[in-house]
Amino acid sequence: IVGTVLSFLLVGFISLAGKRANAPTLVVSRASFGVLGNRLPTIISYVSFLGWEILLTALAALAAQSIMQRLGAPHGDATLAIAFVVVAGVTIALALLGHATIARVQVWFTWAFAILTVVFVILEAKHVSLHAVTSLKAGPFLAGVVGGATVIMAGLGIGWVNAAGDYSRYLPRRVSSRSVVGWTTFGSSVAPILLGIFGIFLAASNAGIANSTNPLGLFAQTLPAWFGVPYLIAACGGLIGATVLDVYSGGLNLLVLGLRIERYKTVAIDAVVMIAGNIYVLFVAKTFYAPFQGFLVTLGVLLAAWSGIFLADLGLLRWRPGYDERALYEGRPVNWSGFIALIVAGVIGLGLVTSTSPAFSWAGYLLGLVGGKKGAVGESSIGVLIALVIGALVYLVLAWATGQRAARIRPAAEQVAAS
């Protein structure tokens with residue numbers, strides 16, 4: 001509950017910047033880093049979107065494979081490859097259709113998956129062993145409570161912070177800021193909290209769930225045939241819908257980087273990376289958890305650091321006057337306060353997390369000072385939270401020391417006349 005709500009509170013507050021500037025999130029980020037300096041967080045953001053596209057597509061492909069197997073297709077890589085081609089094709093096609101279509105499709109996916117999930121919970125409830133759940137031993141505070149909340153933050157809200165303003169930018173500026181933050185946090189938190197609690201009950205009752213290479217397929221095996229296939233179809237559709245949002249925001253990131261190309265070309269770039277990444281996750285690694293956890297924690301540190309800086313800038317310099325829209329495109333090249341804060345927070349945060357993925361085994365280089373990677377701090381992923389706090393504090397100190405002030409915002413009519 002704590003990890004979910006805190007992470008989506010970050011999304012809610014960052015959404016305010018989109019409403020105030022009516023610009024994509026990483027364009028608004030230029031206020032904190034400068035027009036050129038902002039390329040570093042934009043690259044981090046784009047890599048994050050690519051990672052989510054790969055992992056969500058992998059889950060959707062595994063769900064589609066389970067559908068095919070329930071309908072009589074053989075087990076094996078050939079069926080998985082066909083499932084992946086279908087999922088990737090649908091995702092790419094939807095991503096080409098633009099924001100309005102994406103929003104409309106999301107409504108249908110949300111209702112369908114919500115209704116079927118209620119049925120799923122009813123059917124799966126009989127597999128919950130309350131004895132097994134209540135027999136679990138209490139874990140340590142740092143490695144258990146803090147570590148669990150941190151990973152949940154990285155997997156939920158922190159995974160969306162860099163897209164928070166991409167959709168709120170369509171809101172009129174007169175819309176209540178309290179409503180934007182409140183409804184974003186509430187609406188985003190309800191389902192993960194309820195499903196997370198039920199998922200904990202299921203995982204405690206079936207030890208194989210946490211380490212399954214195909215968790216959705218494992219669930220489907222316990223469902224009756226009349227419901228298993230519709231549920232997997234809805235799950236696959238929901239994952240595709242989430243992937244489409246990442247492709248959309250990833251394309252905006254490429255535009256922010258200065259790559260002025262048509263949407264179909266940005267989607268094509270994402271598609272190439274998505275295919276390469278899924279070849280590794282689905283056919284080489286053959287395990288979902290290690291790449292997923294490694295990606296979440298490592299990118300979570302950098303996105304948390306960026307969030308702290310972004311929110312510090314919003315609170316210190318933009319809360320009342322808002323954003324100077326012209327400065328987002330023609331302002332100073334580098335805001336060294338934000339750039340230095342990101343480097344400092346990122347280096348410290350990455351030194352205080354560990355990863356189960358071999359690709360990120362280099363992380364945790366500072367943990368030797370606090371008990372090692374197997375100690376309470378090493379297993380807590382607390383580097384994500386530390387990066388968030390340090391990013392904000394370093395930016396505030398540097399902004400104060402350099403005498404940064406919010407620029408006067410010229411009325412729209414005055415800006416038009418000047419141009």
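The single condition from (1) modelled with pLDDT under 85; (2) surrounded by 21 or more Cβ atoms within 10 Å (Cβ to Cβ) that Ala17 fails is (1). Scan region 29-38 and give yes if some residue there is surrounded by fewer than 24 Cβ atoms within 10 Å (Cβ to Cβ) and more than 24 Å from Arg320 (Cα to Cα), otherwise no. Among the residues of region 29-38, at least one is surrounded by fewer than 24 Cβ atoms within 10 Å (Cβ to Cβ) and more than 24 Å from Arg320 (Cα to Cα), which makes the answer yes.
Per the listing Ala163, Ala112, Ala143, Ala103, the residue uniquely open to solvent by less than 60 Å² (accessible area, probe 1.4 Å) and at pLDDT 85 or above is Ala163. The set of residues in region 89-102 that are in contact (Cβ under 8 Å) with a residue 60 or more places away in the chain and either within 19 Å of the chain's Cα centre (by Cα) or on the phi < 0 side of the Ramachandran plot (or both) comprises Val90, Thr91, Ile92, Leu94, Ala95, Leu96, His99, Ile102. Against the test of being of a type in the set (Ser, Thr, Tyr) and touching a Phe, Trp or Tyr at 6+ places or on another chain (Cβ under 7 Å), the options Ser15, Ser7, Ser48, Ser29 yield a single qualifying residue, Ser29.
Take Ala132 and decide whether it is assigned to a helix (DSSP H, G or I), open to solvent by less than 40 Å² (accessible area, probe 1.4 Å), within 26 Å of Leu194 (Cβ to Cβ) and out of contact with any strand residue (DSSP E or B) (no Cβ under 6 Å at 6 or more places or on another chain).
yes
For region 354-381, taking the residues that are within 19 Å of Gly139 (Cβ to Cβ) and in contact with a helix residue (DSSP H, G or I) (Cβ under 6 Å, 6 or more places away or on another chain), the one that is surrounded by the most Cβ atoms within 10 Å (Cβ to Cβ) is identified as Ser381. When residues in region 166-190 are screened for being in a helix (DSSP H, G or I) and either acidic (Asp, Glu) or at pLDDT below 90 (or both), 4 of them pass.
Evaluate region 272-280: report whether one residue or more is among the aromatic types (Phe, Trp, Tyr) and outside any helix (DSSP H, G or I).
no
Could you tell me which residue of region 191-213 is most open to solvent (accessible area, probe 1.4 Å), considering only residues that are within 19 Å of Leu55 (Cβ to Cβ) and assigned to a loop (DSSP other than H, G, I, E, B)? Looking at residues that are within 19 Å of Leu55 (Cβ to Cβ) and assigned to a loop (DSSP other than H, G, I, E, B), I get Asn211.
Do the conditions hold for Leu216, that is, is it in contact with a helix residue (DSSP H, G or I) (Cβ under 7 Å, 6 or more places away or on another chain), open to solvent by 20 Å² or more (accessible area, probe 1.4 Å), at pLDDT below 85 and not basic (Lys, Arg)? Yes. Might you let me know whether region 384-399 holds any residue that is over 26 Å from the mean Cα position of the chain (by Cα), under 21 Å from Arg30 (Cβ atoms) and touching a residue at least 12 places away in the same chain (Cβ under 8 Å)? Yes.
Among helices (runs of 4 or more DSSP H) entirely within region 13-90, having at least 2 residues that are over 30 Å from Gln404 (Cβ atoms) singles out 39-70.
Among the candidates Gly372, Gly378, Gly346, Gly364, the residue that is within 21 Å of Asn162 (Cα to Cα) and either in contact (Cβ under 8 Å) with a residue 12 or more places away in the chain or not acidic (Asp, Glu) (or both) is uniquely Gly346. Scanning region 91-127 for residues that are part of a loop (DSSP other than H, G, I, E, B) and among the aliphatic types (A, V, I, L, M) returns Leu96, Leu97.
Evaluating Leu9 against the criteria (1) crowded, with 20+ Cβ neighbours inside 10 Å; (2) aliphatic (A, V, I, L, M); (3) within 30 Å of Ile382 (Cα to Cα) leaves one unmet condition, (1).
The values are calculated or read from the model by the stated rules, or taken from the named source; none is laboratory data. Because the structure is predicted, anything quoted here is derived from the model rather than measured. Cβ: placed from backbone, ideal geometry, glycine included. Neighbour counts: every protein chain shown. Accessible surface is based on the protein model in full, side chains and every heavy atom, while ligands, DNA and RNA are left aside. Shrake-Rupley method; radii C 1.70, N 1.55, O 1.52, S 1.80 Å.
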